[in-house]
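Structure first, then comments.
The values are calculated or read from the model by the stated rules, or taken from the named source; none is laboratory data. Computed from a predicted model, the values in this text were never measured in an experiment. All Cβ positions, glycine included, derive from the backbone under ideal geometry; neighbour counts span all protein chains shown. All accessible areas refer to the heavy atoms of the entire protein, side chains included, with ligands and DNA or RNA removed. Shrake-Rupley method; radii C 1.70, N 1.55, O 1.52, S 1.80 Å.
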Amino acid sequence: MSVEVVVWDIGRVLVQFDLSGIYAEAIPDPAERSRFVSEVVTEDWHAQHDEGVSFAQMVAARTAQFPQYADLIALYASNWLASLPGPVPGTHELIERLAARQVPQYAITNFGIDSWGLFRPTFPILDHMGDIVISAVERLVKPDPAIFHLAARRFGRAPETMLFIDDNAANIATARSLGWHVHHFVGDPDVLEQRMRALGLL
């Protein structure tokens, strides 16, 4: 089968993601800010939001664990959008070009419900997506094969007809094992463009 569809990850493929951005003003010292997001408000801790745990639940539990940082932990929810500083260079242009060629596009993203509600209105490029599978809504998180099976059903497409793009090697490995075409995105849109050209998408 020929590749006819593009399926995007969102974080670090379409939008930059950096938890330390939440604390740029509250913790002006870069070393201290780095320590805080490696020990308190960490990416591993944040992952439960992608699984469906709410901001309120997370902040309450973490505050109980680190009461001395209560005000800073609260910023995780109230200043969330500062963790998404802007588009990943180059990928939005590829979406626009694919859309001009009427190539169907979708997304599979590990994203929380609360954070998605804040983020989605700020990111109109996603209007080009025919459907978006969101981990917290489905209670399925990449790289679980189940989220890829669900996406294929939702999109109504065979894996062999889809190019899946993600920055996470584990997600790429799962998709590949299920028959999807894959591209491990490491920040170079030119290499991605070349792959799309080779597949006849551009």
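Here the Karplus curve 6.51 cos²θ - 1.76 cosθ + 1.60, taken at θ = phi - 60°, turns the phi angles of the range 139-150 into couplings of 6, 9, 10, 4, x, 4, x, 4, 6, 6, 4, 4 Hz, with x standing for Gly and Pro.
Considering only Met162, Ile125, His183, and ranking their Cα positions along the charge dipole of the range 124-202 that arises from unit charges at the beta-carbon of Lys, Arg, Asp and Glu, the one farthest toward the positive end is Met162.
Charge dipole (Cα centre; +1 on Lys/Arg Cβ, -1 on Asp/Glu Cβ; no other charges) of the chain amounts to roughly 560 debye.
Think of a 1.4 Å ball rolled over the protein heavy atoms: the chain then has 46 Å² of accessible area per residue.
In terms of the Cα gyration tensor, with a ≥ b ≥ c the square roots of its eigenvalues, is the range 111-151 rounded because a/c is under 1.5, prolate because a/b exceeds b/c, or oblate? Oblate, because a/c is 1.5 or more while a/b does not exceed b/c. Every helix of 4 or more DSSP H residues in the chain counts as -39500 (n - 2.57), and over all residues that averages to -12500 deg cm²/dmol at 222 nm. With respect to the chain, whose longest principal axis is taken over its alpha-carbon atoms, helix 55-65 is tilted by about 40°. Roughly how far apart, in whole Å, are the Cα centres of the range 103-130 and the range 36-62? Each part's Cα centre sits 21 Å from the other's. Each residue was assigned an accessible area with a 1.4 Å probe, and for Glu4 the value is about 90 Å².
Could you work out which residue, out of Gly112, Gly21, Gly156, moves most in a Gaussian network model of the chain, that is, has the largest mean-square fluctuation with Cα springs under 10 Å? Looking only at Gly112, Gly21, Gly156, the biggest GNM fluctuation is shown by Gly156. Please label the shape of the chain as rounded, prolate or oblate, based on the square roots a ≥ b ≥ c of the eigenvalues of the alpha-carbon gyration tensor (a/c under 1.5 means rounded; beyond that, a/b larger than b/c means prolate, else oblate). Since a/c reaches 1.5 and a/b is larger than b/c, the shape of the chain is classed as prolate. According to the square roots a ≥ b ≥ c of the eigenvalues of the Cα gyration tensor, what is the shape class of the range 132-186, taking rounded for a/c under 1.5, prolate for a/b larger than b/c otherwise, and oblate for the remainder? Oblate.
Hey, any idea what % of the chain's accessible area is carbon plus sulfur with a 1.4 Å probe? For the chain, the apolar C and S fraction of the accessible surface comes to 52 percent.
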